[in-house]
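Read the structure below first, then the notes.
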Amino acid sequence: MSIISRLISFDNPAFNGYVTYGSVLVLKMMIMAPLTGRQRMKHAVPASPEDVSMLKGREILKSHDDVERVRRAHLNDLENIPIFFLAGFAYLLTDPDPTTALNLFRAYTLARCLHTFVYAVVVVPQPARGLAWGTGFFITGYMAIKAICHFKTF
């Protein structure tokens with residue numbers, strides 16, 4: 001069995017963790033769209049002109065802080081989670097210690113969920129959001145650096 005076949009296999013606990021926690025992150029990002037829609041309906045902030053008809057009899061707003069907060073949290077996910085997928089996959093190819101890899105994937109997933117919670121669900125003052133974001137940022141950076149050091153060709 002080639003090393004790639006061994007690493008990208010459901011017999012590898014690190015790969016299982018990558019797939020599991022990656023799937024949790026995908027679902028977490030998917031939840032952001034209905035959460036945004038809920039805030040739009042609650043505060044009468046349509047996304048498009050054709051959505052105004054769903055808000056009949058209400059004062060229509062161009063924006064609202066709660067809607068923008070959820071949108072920014074979603075944008076932050078879109079800026080950070082795809083990079084994690086790339087760095088995490090490259091890190092998997094370094095044949096990391098499974099316990100370390102699983103803990104990194106768990107910590108990243110928890111950090112991103114906490115980031116959304118303290119930013120868009122129950123607003124918690126800084127540094128809560130910054131710590132959650134920074135945890136994910138440094139985990140992604142660590143995995144990318146490990147992959148670069150392992151595969152360096154320059």
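The values are calculated or read from the model by the stated rules, or taken from the named source; none is laboratory data. Remember, it's a predicted structure, so these values are computed and weren't measured experimentally. Note that we place each Cβ from the backbone using ideal geometry, even for glycine, and neighbour counts take in every protein chain shown.
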Worksheet item: How many residues does segment 18-44 hold that are crowded, with 16+ Cβ neighbours inside 10 Å and more than 18 Å from Val121 (Cβ to Cβ)?
Response: 4
Item to complete: Kindly check whether there is at least one residue in segment 78-88 that is assigned to a loop (DSSP other than H, G, I, E, B) and either surrounded by 12 or more Cβ atoms within 10 Å (Cβ to Cβ) or modelled with pLDDT of 95 or more (or both).
Response: no
Practice prompt. Considering each of Arg40, Arg6, Arg112 in turn, give the residue that is closer than 30 Å to Met143 by Cα, at pLDDT below 95, in a helix (DSSP H, G or I) and of a type outside the set (S, T, N, Q).
Written response: Arg6
Discussion item. So the check is Cβ under 7 Å with 6+ separation or different chains; which pairs have a first residue in segment 38-66 that's on the phi < 0 side of the Ramachandran plot and a second one that's surrounded by 15 or more Cβ atoms within 10 Å (Cβ to Cβ) and among the small types (Gly, Ala, Ser)?
Written reply: Leu55/Ala44; Arg58/Ala44; Glu59/Ala44; Ile60/Ala44; Leu61/Ala44
Worksheet item: What is the number of the single condition among (1) of a type outside the set (D, E, K, R); (2) touching a residue at least 40 places away in the same chain (Cβ under 8 Å); (3) closer than 26 Å to Val67 by Cβ that Gly130 does not meet?
Response: (2)
Worksheet item: Hey, any hits in segment 52-74 for a residue that's more than 22 Å from the chain's Cα centre (by Cα), surrounded by 15 or more Cβ atoms within 10 Å (Cβ to Cβ) and assigned to a helix (DSSP H, G or I)?
Response: yes
